[in-house]
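In what follows, a single structure is set out as structure tokens and then discussed.
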Amino acid sequence: MNVRALTLILLAGPAGAQGFAGLGTQAEGFAIPAPGYAFDFPADHGAHPAYRIEWWYLTANLTGPDGTPYGLQWTLFRSALAPEDGSGWDTPQLWMGHAAVTTPEAHFVTERLARGGIGQAGVVADPFAAWIDDWQLAGPDFDQLEMTASGPDFAYDMALSAEGPLVFHGDAGYSVKSAEGQASYYYSQPFYAVDGVLSLPQGDIPVTGRAWLDREWSSQPLSGDQTGWDWFSLTLEGAKLMGFRLRQADGSAYTYATWIDPDGAATAYSDGAFIAEPLARDGARDIPTTWRVTLPDRGVDVTVQALNPEAWMAVSIPYWEGPVTVSGSHDGTGYLEMTGYEGTSP
């Protein structure tokens, strides 16, 4: 969910940081989200340096000419060392990029790190451009984007076109993440159509599909006793569903969901309405990659299963992220992100 986001807090956070990846650490001096925020576009597609943590997070479910399914991830994270501004090498802004491609048999992942203020990474709102080194997500506006990334054994070049509106989570984009009230500003563009080329060891593969981009910023999005999350973005027959559970140290969980109608109308579901239960643990790390997901108010009772259980993101803050299939009361595809499982074997 972006809470969903593996930020640079590993690099920027103080010793003894609380919550998963330090996201529950107190954020003295930084701006704090509050209800009633008036979003301003295109400006809010850009960076918000007064807040400690921010991300631009895209996942895509793709299909090749022979029907083979693929998953794709492009993510840029911004994290601030301090609330004051600076320029050049004195900037407190740090950046991290993750890119990945998942196939039924393989998972390719790579990471980039950058310092702000020197042009190596950044985001501007109009015309929109997000980049780190030679990776970019850019276009004349947020509705029409070109996306590129590459790693040692993969690359991709994609065109994205929005076919629906932005969707705001929580209370008009104010997304609460805990019973204590920690929150973020959170909206999505879940209606991108995608086409492009994946370059894998076996050659170039033309693909088409759907993509979902999450935008979120905060300064303390988690409480200190939240140890990780399980986040789902599902494209179902006739609707979309975003839901997450934030795991507490005592074994309980805080949950939230957004039901998205085909026209983009969103319905928020507060703690307890969305249920995600692990059914099976799989892969070398023994991580739950098969789930039962229910949202009784919408008649949702589905099994969510990973395309490839080995979609482990071996990066600075490791996590699991990969494409999934959906079956049961609704059929579909989507993405699953799981954090806080790095203590599992091996």
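The values are calculated or read from the model by the stated rules, or taken from the named source; none is laboratory data. What you see is a predicted model, and the numbers here were worked out from it, not measured in a lab. Using ideal geometry, Cβ is built from the backbone for each residue, glycine included, and neighbour counts are taken over all protein chains shown.
Of the numbered criteria (1) in contact (Cβ under 8 Å) with a residue 12 or more places away in the chain; (2) closer than 26 Å to ARG298 by Cβ; (3) small (Gly, Ala, Ser); (4) surrounded by fewer than 16 Cβ atoms within 10 Å (Cβ to Cβ), the one SER252 fails is (1).
Just one of PRO206, PRO201, PRO190 is under 30 Å from SER150 (Cα atoms) and surrounded by 24 or more Cβ atoms within 10 Å (Cβ to Cβ); which is it? Spell out how you get there, then give the answer.
Numbers: PRO206 fails: surrounded by 24 or more Cβ atoms within 10 Å (Cβ to Cβ); PRO201 fails: surrounded by 24 or more Cβ atoms within 10 Å (Cβ to Cβ).
Answer to the selection: PRO190.
When you scan the range 35-125 for strands (runs of 3 or more DSSP E) that lie fully inside it, which ones turn up with 1 or more residues that are more than 29 Å from PRO323 (Cβ to Cβ)? Give the steps one after another, and end with the answer.
On the way: elements: 53-63, 69-80, 93-102, 107-115, 121-124.
So the answer is 69-80, 93-102, 107-115, 121-124.
Results for (1) crowded, with 18+ Cβ neighbours inside 10 Å; (2) of a type in the set (Val, Ile, Thr); (3) modelled with pLDDT of 95 or more, shown as yes or no for each residue.
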site: ALA50; (1), (2), (3): no, no, no
site: TRP56; (1), (2), (3): yes, no, yes
site: THR59; (1), (2), (3): yes, yes, yes
site: THR75; (1), (2), (3): yes, yes, yes
site: ALA80; (1), (2), (3): yes, no, no
site: VAL123; (1), (2), (3): yes, yes, yes
site: PRO127; (1), (2), (3): no, no, yes
site: ASP133; (1), (2), (3): no, no, yes
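Scan the range 289-313 for residues that are over 20 Å from the mean Cα position of the chain (by Cα) and assigned to a strand (DSSP E or B) and jot them down. Before the answer, list the steps.
Step one: list which residues in the range 289-313 are over 20 Å from the mean Cα position of the chain (by Cα), which gives 292, 294-303.
Passing the criteria: ARG292, THR294, LEU295, VAL300, ASP301, VAL302, THR303.
If you go through the range 263-288 and keep only what is buried (at least 16 other Cβ atoms within 10 Å of the Cβ), outside any strand (DSSP E or B) and free of Cβ contacts under 8 Å to residues at least 60 places away in the same chain, you end up with ALA273, PHE274, GLY283.
Kindly provide the set of residues from the range 289-332 that are among the polar types (S, T, N, Q) and either at pLDDT below 95 or surrounded by 22 or more Cβ atoms within 10 Å (Cβ to Cβ) (or both), ordered by number.
Across the range 289-332, the qualifying residues are THR289, SER316.
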